[in-house]
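In what follows, a structure is listed as structure tokens, so that the remarks can point back to it.
Computed from the coordinates by the stated procedures, all read-outs in this text should not be read as laboratory data. Note that this is a predicted model, so its numbers are computed, not measured. Virtual Cβ from ideal backbone geometry, glycine too; neighbours counted across all protein chains shown.
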Amino acid sequence: MSLNENVGKIEGVYLDTNLADSSEETYNSIMSEQISTDTETQKLNFSHKSSDNEVDEDLESYEPPNKSTTPGAGLWLFCETCKQMLFIKHIKLRVCPGCNHHFRMRSTERIEMLIDEDTWDSINEDMMPVDMVELATDSYKDRLEEEQEWAGMPDAVQTGFGELRGVPVALAVMDFEFLGGSMGSVVGEKITRLIELATFYKLPVILVCASGGARMQEGALSLMQMAKISSALRVHQLINKLMCISILTSPTTGGVTASFGMLGDLIIAEPGAYIAFAGKRVIEEIYKIEVDEQRQKAENVFDHGMIDLIIPRTILKNCIWELFQLYLTAPCKK
């Protein structure tokens, strides 16, 4: 064997040995890096899971600051009439101290305003609305669930019995925060039952209206509530000679205005309340005319003889009590 052949064999063995050693070192380094990477990934996954759990717990306990179940949430309220920022704790009964603008109130707030403490007894609280028309989509069902969760009540009215400065009364209060206070089958049924019970127990009825009208999602069934409530009021007022007071707040429109809203023995409105049948926008779009913003305010409606009194919220309870005393002293009965 020549010298060149021996040198070539030696170089080949040397190269094979070095390549094997380097491959083993490379493999070991790659595996060690992979193990460390897997360990870091497991740590990250564990931290992500724990952080996700913490986020889920935070979301479950979170409540929006302007949620309607906490009326008047927040520190400041903007008055659109006098353009002033008002500290919420300085506003009595949600009335602007500067310009006397009446902000919207929730039904629970109105009950607390009118009814004596620890005398309120609500009825038909478990009456829930359903999609009786069975629309092609589930939008109405989903909307009801969202509104019930948001407003914290099953439908757009609260009914019950209580005492107003010692006088027993039957009270129904509509809530505009639930689907715009729209009158569906449950609203009509609860008000009708309240009137019938008030007739049985010989009690005066107070109906506080805040509604956009009949609920379109229930079709003709919502319109039937107008006749049903009006029939119950006829028995209460004309046959049994019992008193009914309607209080119109902003807004009172549509089927509510066309039925029990205007059937009270006394019709009272809050200052500046929006009272109409068809809204300003609807009239302008259909008849192509411009409607004055003040035309559908309580003051203009009063000037045209459609309501009897405009009473500020701050003295409303005392005024109603005085009216009851007048009625009890000299009832208009045959």
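Using alpha carbon centroids, what distance separates the range 128-193 and the range 230-251, in Å?
When both Cα centres are located, 19 Å separates them.
In nanometres, what is the gap between the two model label sites at Val167 and Phe78, each 7 Å from Cα along Cα-to-Cβ?
That separation, rounded to one decimal, is 4.0 nm.
From the cross-link list Lys92/Lys241; Lys83/Lys317; Lys89/Lys202; Lys89/Lys317, which pairs have alpha carbons spaced over 32 Å apart?
Over 32 Å apart, Cα to Cα: Lys92/Lys241; Lys89/Lys202.
If you take the square roots of the eigenvalues of the alpha-carbon gyration tensor of the range 95-164 and sort them as a ≥ b ≥ c, do you get rounded (a/c under 1.5), prolate (a/b over b/c) or oblate?
Oblate, because a/c is 1.5 or more while a/b does not exceed b/c.
Based only on other Cβ atoms within 10 Å, what is the fewest-to-most ordering of Glu290, Glu109? Mind showing how you got there, number by number?
Working: Glu290 9, Glu109 16.
Ordered from fewest to most neighbouring Cβ atoms within 10 Å, Glu290, Glu109 come out as Glu290, Glu109.
Treat the count of other C-beta atoms within 10 Å as a stand-in for reagent exposure and order Leu248, Leu266 from fewest to most.
Ordered by Cβ neighbours within 10 Å, fewest first: Leu266, Leu248.
Can you classify the range 106-329 as rounded, prolate or oblate using the Cα gyration tensor, where a ≥ b ≥ c are the square roots of its eigenvalues, rounded means a/c under 1.5, and otherwise it's prolate if a/b beats b/c and oblate if not?
Details: a/c = 1.65, a/b = 1.16, b/c = 1.42.
Verdict is oblate for the range 106-329.
Please rank Met132, Met85, Met262, fewest neighbouring Cβ atoms within 10 Å first, as an exposure proxy.
By the 10 Å Cβ count, ascending, the order reads Met85, Met132, Met262.
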